[in-house]
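Take a look at the structure set out below.
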Amino acid sequence: QVEVVESGGGLVQPGGSLRLSCTTSVSISAINYMGWYRQAPGKLRELVAAFLSSGRTNYGDSVKDRFTIPRDNAKNTDYLEMNSLTPEDTAVYYCNVRVGQQYYWGQGTQVTVSS
């Protein structure tokens, strides 16, 4: 069983920034896919950004040029750095990783963008 833990959510004003963390119980080298997803009330869960096994990154259209997903191999941690936040970014953010052929989800962290 792989443990996935998100952290860093909270309340932020429009235009502000926030960094989420996704820490796993396995080495990043064992992960062949990592993605950040979000789900707002009444909406389907959507992909925000993903780090592919090829080394490429993929971003949702609504977050391109505002969000990035840096990685710290030494800490087995992936980050979601969010800038220029708007109320439309309010959601629960989830980290999803694939180890071998199995996918694992974290419990999610709430991000609220409001003045």
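Side notes on the structure shown:
- Among residues of the range 67-81 that are in contact (Cβ under 8 Å) with a residue 12 or more places away in the chain, those with a beta-carbon under 7 Å from a residue that is of a type in the set (Gly, Ala, Ser) and open to solvent by 10 Å² or more (accessible area, probe 1.4 Å) at least six positions away or on a different chain give the pairs 76/27; 77/21; 79/21.
- Hits in the range 98-112 (condition: surrounded by 13 or more Cβ atoms within 10 Å (Cβ to Cβ) and part of a strand (DSSP E or B)): 98, 99, 103, 104, 105, 109, 111, 112
- Number of positions in the range 1-19 that are β-branched (Val, Ile, Thr) and either open to solvent by 40 Å² or more (accessible area, probe 1.4 Å) or at positive phi (or both): 1
- The range 73-97: number of residues that are over 14 Å from the mean Cα position of the chain (by Cα) and surrounded by fewer than 16 Cβ atoms within 10 Å (Cβ to Cβ): 7
The values are calculated or read from the model by the stated rules, or taken from the named source; none is laboratory data. Predicted model, so just to flag it, every value in this text is computed and none were measured. Because the Cβ atoms are built from the backbone with ideal geometry, glycine has one as well, and the counts that use them run over all protein chains shown. Side chains are part of the model used for accessible areas, which takes the heavy atoms of the whole protein and leaves out ligands, DNA and RNA. Shrake-Rupley method; radii C 1.70, N 1.55, O 1.52, S 1.80 Å.
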